[in-house]
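The values are calculated or read from the model by the stated rules, or taken from the named source; none is laboratory data. Because the structure is predicted, anything quoted here is derived from the model rather than measured. Virtual Cβ from ideal backbone geometry, glycine too; neighbours counted across all protein chains shown.
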Ligand SMILES: [Zn+2]
């Protein structure tokens with residue numbers, strides 16, 4: 001995986017990926033919970049939805065909205081193993097290691113932080 005900054009810039013060049021934005025409701029939720037809670041949710045989603053070698057319903061496991069982290073997962077192409085493979089060359093049918101999980105969490109958090117700073 002490339003650096004977080006490079007990844008975010010590349011994602012912004014994608015019409016589809018850059019079309020994801022937090023709704024007002026999601027922003028309020030983010031503010032109320034704070035970044036530390038968001039990060040623990042992100043870690044949890046990554047562990048359950050992406051880390052297994054063959055996640056359940058892969059390709060459809062991440063809802064399009066309802067949680068700021070879901071939005072971040074789509075916006076950063078960390079929504080399913082197919083997208084992780086296409087964007088970051090993460091091998092399919094292999095359990096993610098801790099380092100990979102950590103990188104994904106950091107990318108998701110960086111995207112959320114960027115979204116937050118945008119409307120300040
Ligand atoms: Zn996907």
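Only a single criterion out of (1) farther than 15 Å from residue 12 by Cα; (2) more than 11 Å from the ligand (Cβ to nearest atom); (3) surrounded by fewer than 21 Cβ atoms within 10 Å (Cβ to Cβ) is not satisfied by residue 113, namely (1). Kindly evaluate residue 73 against the criterion of being modelled with pLDDT under 95 and either touching a strand residue (DSSP E or B) at 6+ places or on another chain (Cβ under 6 Å) or within 13 Å of the ligand (Cβ to nearest atom) (or both). Here the answer is no, as residue 73 does not meet what is asked.
Only one entry of 86, 24 meets the criterion of being surrounded by fewer than 17 Cβ atoms within 10 Å (Cβ to Cβ), within 16 Å of the ligand (Cβ to nearest atom) and more than 13 Å from the chain's Cα centre (by Cα), and that entry is 86. For beta carbons closer than 6 Å, sequence separation of 6+ or different chains, a first residue in the range 14-31 that is touching a residue at least 60 places away in the same chain (Cβ under 8 Å) and a second that is assigned to a helix (DSSP H, G or I), the qualifying pairs are 17/11; 17/75; 22/68; 22/71; 22/115; 30/68. Residues that are more than 13 Å from the ligand (Cβ to nearest atom) and within 10 Å of the chain's Cα centre (by Cα) were ranked within the range 47-70; the one that is farthest from residue 3 (Cα to Cα) is 68.
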